[in-house]
Amino acid sequence: MFVCTQCGYEHPKWLGRCPSCGKWNTFQEEPEKPAQKSSGEKKKRKHGNRKPQSLVEIPENPAFRILSYITELDRVLGGGIVEGSTIIVGGEPGIGKSTLMIQLLAALRHESVLYLSGEESAAQIKDRASRLSITSEHIKVFCETDLEQILGILQQSLPKIVIVDSIQSVKSEEIGAIAGTVNQVKYCCLELSDWAKETGSAVFLVGHVTKDGMLAGPKVIEHLVDTVMHFEQGHSGLRILRAQKNRFGSVDEMGLFTMNAEGLTAVRDPSTIFLVHRSGTLPPGITSAIVYEGSRSFLVEIQALTVVSKSGYPRVYSDKIDIPRVSRIAAVMEKHLGMNFSGQDIYINVAGGIKLNEVGVELPLALALYSAHTGRPVNRKAAAAGELSLAGEIMPTPFLDRRIKTAFELGFEQVLGPSSEDIEQNGYIGCSCIQEALKTVYSIK
């Protein structure tokens, strides 16, 4: 049987394009499912005599959260670990997923916890804990890959927090003997998620990622769980934790950690961690942008470079800011400023390795492109935030007052942004369009 790794669609022959999800080259061969066991051998779940309820009859049950005392992790989770939730933690190999999980269990000293490992031996886990100076006696370790054995241990010990490292290593005899296949991952994830909801325990599933950085396994497992978190790697040991899905909180929050010999350490003040400290004037193509992520603002450095295309086909190289956004800003500048980017390659980078998805980076991106194209540097004491429309207008930006406050607290003397009658602060310059913003920065008539 051939199974689509994205949606789980099955077909007896290999197909280039999945008829269900439309993805290309996602089919992989898997052994057929063995014959189903008899009803007496199957695991029974007691549901009682249930019947549909009216919405007003359902009692309110506010989610109870357990603080992990790892501030950046609690921030991404929305305020703590919700009882009965299932959370996937994905990331590149060696980025620190297992380190974060063992530190999480060490911080929960007053909870019953269990570390289930299908990839490492107990001695290897002990060695990692020793390197991190973790000697907590309350952490229980169990090394097993068989799902039925794991569910038996869970039902027997009933831990409050469970770590499964990793979900791709767990297999069930009811599905087949090979771990990591689409059906295995989907089935094991569903069983562990059902157990978490029945018992009120929280289950963390460590997941592998593909070469494209996506979570390995069918896309359906992201719909089965409550929260999907992903680790990204920044510069100089920086680790960025984001939530791609969160049923109990926002997906806009971002957790920052630094990796050192003691493990992962939360970054308390991220305001300047993405800024490059220089003396003197800035090089051309550099602009400071005020970014707002989740519930806090900080500054990042956007770097731009424009050069004549060697291949004859102009391209945009940008992996930290979406390429369509960069192309749109360049098109707006061509239309309303008379600039010519045709025949040139555009390179965009963000210092610190952080990916930016919010609209507030569009004005500083335009300033960086203009500076790179003309060779005229921007004032090093100036920062910017604002959305740029197709008409060249600078649109209102969310949480503008908090962005301005952060910039001035960090020593910036000038902040450019959209025109606002509500903000009257020395040093803030509201601009209605990109021409007015450039006139302010460069005194262009």
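What follows is calculated from the coordinates using simple rules that are stated; it is not laboratory data. Quick caveat, the model's predicted, so the values are computed rather than measured. Cβ sites come from the backbone with ideal geometry, for glycine too, and all protein chains shown count toward neighbours.
Tabulated values for the structure
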| item | result |
| --- | --- |
| The chain: antiparallel DSSP beta bridges as a percent of all, rounded to 5 | 50 percent |
| Descending principal axes extents, segment 241-324, alpha-carbon based, whole Å | 48, 37, 28 |
| Sum of side-chain charges, Asn357 neighbourhood, beta-carbon under 12 Å (Lys, Arg +1; Asp, Glu -1) | -1 |
| Per-q log10 I(q)/I(0), segment 151-287, q = 0.20 Å⁻¹ (Debye; single scatterer per alpha-carbon; no solvent) | -1.29 |
| Unpartnered cysteines - no second Cys beta carbon under 4.7 Å - across the chain | Cys143, Cys188, Cys189, Cys431, Cys433 |
| Pair-distance profile P(r), taking every C-alpha pair of segment 156-195, with 5 angstrom steps and integer % | 5, 24, 31, 21, 12, 7 |
| Neighbourhood net charge (14 Å Cβ-Cβ; Lys/Arg +1, Asp/Glu -1) for Gly280 | +3 |
| Normalised per residue, the volume of the convex hull around the Cα set of segment 286-442 (Å³) | 102 Å³ |
| Over 22 Å between alpha carbons, listed pairs Lys381/Lys405; Lys126/Lys219; Lys310/Lys439; Lys126/Lys245 | Lys126/Lys219; Lys310/Lys439; Lys126/Lys245 |
| Volume in Å³ per residue [convex hull over Cα atoms, computed for segment 83-159] | 109 Å³ |
| Mean separation of Cα contacts under 8 Å, 6 or more apart, over the residue count of segment 64-266: relative contact order % | 30 percent |
| Around Val182: net Lys/Arg minus Asp/Glu count, Cβ-Cβ under 11 Å | -1 |
| Residue-averaged 222 nm ellipticity for the chain, from DSSP H runs of 4+ at -39500 (n - 2.57), nearest 500 | -7500 deg cm²/dmol |
| Viscosity 1.567 mPa s, temperature 4 °C, Stokes-Einstein D of segment 130-190 from Kirkwood C-alpha radius, µm²/s | 100 µm²/s |
| Theoretical FRET efficiency, 1/(1+(r/R0)^6), r = Cβ-Cβ of Ser327 and Lys197, R0 41 Å, to 0.05 | 0.35 |
| By average C-beta atoms within 10 angstrom, highest first, the peptides 408-417, 258-267, 200-209, 272-281 | 200-209, 408-417, 258-267, 272-281 |
| Cα Rg, Dmax, segment 64-266, angstrom units | 15.6, 45 |
| Pairwise label distance in nanometres, Arg315 with Glu57, each label 7 Å out on the Cα-Cβ vector | 6.2 nm |
